[in-house]
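Here's the structure we're looking at; comments come further down.
Bear in mind these aren't lab numbers, they're just calculated from the coordinates by the rules spelled out. Remember, predicted model here, so these are calculated numbers, not experimental data. Cβ atoms come from the backbone with ideal geometry, glycine included; neighbour counts cover every protein chain shown.
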Amino acid sequence: MREIVLDTETTGLEAYGGDRLVEIGCVEMVNRILTGNIYHVYINPERDMPAEAFRVHGLSVDFLSDKPVFAKVADEFLEFIGDDTLIIHNAAFDIGFLNAELDRLKRPPIARDRVVDTLALARRKHPGASNRLDDLMNRYGIDSSRRVKHGALLDAELLAEVYSELLGGRQASLIGLVETTTSEAPRLVVETGRIARPRPAPLPARVSAAERAAHDAFVSGLGEKALWLKYAEPVPEGEG
């Protein structure tokens, strides 16, 4: 199962009000394990950078002036995410900006039903608590010391850790939640990708013949009503 943890940075809050994307960061997870495969790009927004946005991510107009516009990176971005599930915190914001950019290019939007919003997951798991990404990192003991400024790639990496914790911590790397189509609760299914196979030959017994004889002598002295005799099975001739 391939999932893409995604984050963006923008010039502001209004996707259809003149604000634009300036950074996209993605990290790939397969069976809830980070693969090291990433997608990261800075984008020329073709406009100025409001002071409020600059204070958040530190990306200036000068820095972004020689970066590609979204139209130049749209194909490689869409190829990277493919048709896989997207993991996003406060997904409506990021998907709104991505779809606004795609709309300007007359490209199909990213379907919202392929998105898992970790903010919604956190609100269900921690109702009444603050569930910003910073709050969740503090709650789960995730090191955020590198996060001096917001950055799409770093935030995607940190969100991947938060997502793992929301699904049960380290066990989430080995165990996946499988939704059923009936009214029964979701089942836990091990997703290691390995199938246990029987040994071609049994391991040799570790009990010596002398030890077996001593044990048999001890059991015979317990009497016919000994509890042990209800559970002990005779050892086939030649074994043990």
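What is the distance, in nm, between label points placed 7 Å from the Cα along the Cα-to-Cβ direction at Phe93 and at Ala210? Reported label-point gap for Phe93 and Ala210 is 7.5 nm.
Stick to Cα atoms and the Kirkwood definition of Rh, then tell me Rg/Rh for region 1-157.
My calculation puts Rg/Rh at 0.95.
Contour minus end-to-end for Phe63 and Ala129, with contour as 0.36 nm per residue of separation and end-to-end as the Cα-Cα distance?
Gain in length upon complete extension: 20.0 nm.
Please report, to two decimal places, log10 I(q)/I(0) for region 94-133 at q = 0.26, 0.30 Å⁻¹ as given by the Debye formula with identical point scatterers on the Cα atoms and no solvent. The Cα Debye sum returns log10 ratios of -0.82, -0.95. Applying a DSSP loop filter and a limit of 14 other Cβ atoms within 10 Å to the trypsin sites (Lys or Arg not before Pro) in region 70-121 leaves Lys106.
Please give me, ordered by residue number, the GluC sites (Glu not before Pro) of region 1-60 that lie in loop per DSSP and have at most 13 other Cβ atoms within 10 Å. Don't jump to the answer; show the numbers that get you there.
On the way: sites: Glu3, Glu9, Glu14, Glu23, Glu28, Glu46, Glu52; in loops: Glu14, Glu46.
Answer in residue order: Glu14, Glu46.
Taking a point 7 Å out from the Cα of Val56 in the direction of its Cβ, the residues of region 24-48 whose backbone N falls within less than 19 Å of it are 24-26, 41-48.
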